[in-house]
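Have a look at the structure below before the remarks.
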Amino acid sequence: MRWDSTEHDGVGVLHLFGFLSGQDTHRFDGAVDWVRSRSNGMLVLDMSGLLGWSEEGEAAVLRAAQSPLAVCGLLDRPALLLTGDTTGLIRIHSDLRSALADLAAA
């Protein structure tokens, strides 16, 4: 897994690339903390560059939802844990623009 980050009006965007497997979850957790510490705490996970993830990788994304979290770029990949979120903290969007607009309104 590789990652990059950008910031849009105080909202941190974590762009993920490759495959998020169980062995990568510690790097993912560190990336989430790094991006949140450099933004207003709101976070968008842009998964459009992600080729896939393991069950552990998806669980790591679920753990990242300590505060409102927007996820975009899932395309047609299944995300049973994310779409079954009962906390209401994870919002799924088709693209980065709609995810940023949602967090800006929160």
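Within segment 26-42, does at least one residue satisfy the condition of being in contact with a Pro (Cβ under 8 Å, 6 or more places away or on another chain) and at pLDDT below 95? Steps first, answer last, please.
The first filter runs over segment 26-42 and keeps only residues in contact with a Pro (Cβ under 8 Å, 6 or more places away or on another chain), leaving 42.
With the extra rule that they be at pLDDT below 95, the set shrinks to 42.
Yes - at least one qualifying residue is present in segment 26-42.
Restricting to segment 1-23, and then to whatever is surrounded by 14 or more Cβ atoms within 10 Å (Cβ to Cβ), in contact with a helix residue (DSSP H, G or I) (Cβ under 7 Å, 6 or more places away or on another chain) and not aliphatic (A, V, I, L, M), can you tell me which residue is farthest from S37 (Cα to Cα)?
S21
List pairs: first in segment 56-69 and over 9 Å from L43 (Cα atoms) and open to solvent by 20 Å² or more (accessible area, probe 1.4 Å), second of a type in the set (S, T, N, Q) and part of a helix (DSSP H, G or I), Cβ under 6 Å, 6+ apart or cross-chain?
Filtered contacts from segment 56-69: E56/T25.
The values are calculated or read from the model by the stated rules, or taken from the named source; none is laboratory data. As the structure is a computational prediction, the values presented were derived from the model and not from experiment. Ideal geometry is used to build each Cβ from the backbone, glycine not excepted, and the neighbour counts take in all protein chains shown. Protein only, heavy atoms only, side chains kept; ligands, DNA and RNA dropped before computing areas. Shrake-Rupley method; radii C 1.70, N 1.55, O 1.52, S 1.80 Å.
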